[in-house]
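Asker: Sharing a structure below in structure tokens format, with a few things to ask.
The values are calculated or read from the model by the stated rules, or taken from the named source; none is laboratory data. These numbers come from a predicted model, not from an experiment. Note: ideal-geometry Cβ built from the backbone for every residue, glycine included; neighbour counts use all protein chains shown. To get the accessible areas, we keep the full protein, side chains included, count just its heavy atoms, and leave off ligands, DNA and RNA. Shrake-Rupley method; radii C 1.70, N 1.55, O 1.52, S 1.80 Å.
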Amino acid sequence: MKYLSPEQKGQSEELGPLSDVYSLALVLYEMLSGGELPGGVTPVSEVNPFVAKGIDRALAKALSWRVEKRYVSMDEFIADLSHFSSLRLPSWR
């Protein structure tokens with residue numbers, strides 16, 4: 001239940017790939033911050049100074065409670081994250 005998107009928790013009847021974007025972002029947030037997501041999205045860079053502020057923006061967008069404000073695809077989310085990594089991230093397909 002912890003990693004369900006708001007729409008999976010019953011907030012909406014529309015489920016789709018954007019629910020996966022939310023769940024992955026939540027896992028990434030926890031990995032980078034070392035803790036659980038608080039009530040609001042506290043920027044990870046405030047908890048972990050090694051995280052670029054651009055990652056904060058990407059996570060905030062991916063963790064939006066409003067589906068229409070999230071990334072339109074996992075590829076778009078990964079593309080934004082790759083700007084802040086020296087790793088080559090694979091396409092999500």
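Asker: List every residue pair whose Cβ atoms sit under 7 Å apart, with the two residues 6 or more apart in sequence or on different chains, where the first one lies in the range 59-80 and is farther than 11 Å from Ser19 by Cα and the second, anywhere, is surrounded by fewer than 17 Cβ atoms within 10 Å (Cβ to Cβ) and of a type outside the set (Lys, Arg).
Answerer: Asp75/Ser91; Asp75/Trp92; Ile78/Leu89; Ile78/Trp92
Asker: Taking the range 22-71 as the region of interest, how many residues are farther than 15 Å from Tyr3 by Cα and aliphatic (A, V, I, L, M)?
Answerer: Within the range 22-71, residues that are farther than 15 Å from Tyr3 by Cα and aliphatic (A, V, I, L, M) number 9.
Asker: Another one. Test each condition in (1) modelled with pLDDT of 80 or more; (2) part of a helix (DSSP H, G or I) for Lys9 and report the one that comes out false.
Answerer: With (1) modelled with pLDDT of 80 or more; (2) part of a helix (DSSP H, G or I) applied to Lys9, the lone miss is (1).
Asker: Considering only the range 29-61, how many residues are out of contact with any Lys or Arg (no Cβ under 6 Å at 6 or more places or on another chain), open to solvent by less than 40 Å² (accessible area, probe 1.4 Å), in a helix (DSSP H, G or I) and not β-branched (Val, Ile, Thr)?
Answerer: Counting residues in the range 29-61 that are out of contact with any Lys or Arg (no Cβ under 6 Å at 6 or more places or on another chain), open to solvent by less than 40 Å² (accessible area, probe 1.4 Å), in a helix (DSSP H, G or I) and not β-branched (Val, Ile, Thr) gives 7.
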